[in-house]
Amino acid sequence: MTHLLEQAVALFNPATVQGALLLALVLLLAGSVGANLIHRTLREVILHDHAQRIDQIALSFLSRLLVLAMWLLLATAYAHLVPALNRLGSALLAGVGLASVVIGFAAQTTLGNLVSGISLVLYKPFRKGDRLSVMAPTADQCEIGVVEDITLGFTTLKTDDGRMIIIANGAMAQQAMIKWPVAKVPPADPVKLLGKKAAS
């Protein structure tokens, strides 16, 4: 029994190439199972929320954020467990200041959309199923659609003719929009209303 345990430990030794690959496979499997469990749990919560007291967009956004955090934690753990990657990380610490500045500039828009998505979920200016008039690069400079989802970077709306409007969360959080009552049909030209709201 002790011999088998020693063989298993040697097999998963992260100092060897074989052990590092097997450890990566185990962490990938654990991450996939964890992501599946998060999605299934939140799906069950939505299915059992008959009174619709839970914001589905907030839950969907939260699940994506949890999955992203889980993968980042697993990647960090793998980098610390494998000696070669750990040494490489220590060697790169000297240039971490410059690297953080470069990465910060490169990911400024992405991080901005993520933060804007969090603010949209927290402040809830709209919910899934709401009908909105938003600015869009079309002939009328405006589109009307029903909110479908908020991902980590984008908000998706669906128009009456089936087109999908995809707007970056940063732009969505900064623009003026009109939320229409479900029973009320928006006018044919909502551009003037958006212009008045922006002017006020």
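The values are calculated or read from the model by the stated rules, or taken from the named source; none is laboratory data. Given the structure is predicted, the values throughout are model-derived calculations rather than measurements. Methodologically, a virtual Cβ is constructed for each residue, glycine included, from the backbone with ideal geometry; neighbour enumeration extends over all protein chains shown. Surface accessibility is based on the protein's heavy atoms, side chains included, excluding ligands, DNA and RNA. Shrake-Rupley method; radii C 1.70, N 1.55, O 1.52, S 1.80 Å.
Odds and ends about this structure:
- The listed residue being open to solvent by less than 80 Å² (accessible area, probe 1.4 Å) and part of a helix (DSSP H, G or I), out of L132, L114: L114
- For the stretch 136-170, residues that are within 22 Å of S63 (Cα to Cα) and not in a strand (DSSP E or B) total 5.
- If you filter the stretch 164-184 down to residues that are farther than 14 Å from L132 by Cβ and open to solvent by 70 Å² or more (accessible area, probe 1.4 Å), you find that the one that is modelled with the lowest pLDDT is A183.
- Qualifying position, being loosely packed, with under 12 Cβ neighbours inside 10 Å, modelled with pLDDT under 80 and outside any helix (DSSP H, G or I), among A8, A51: A51
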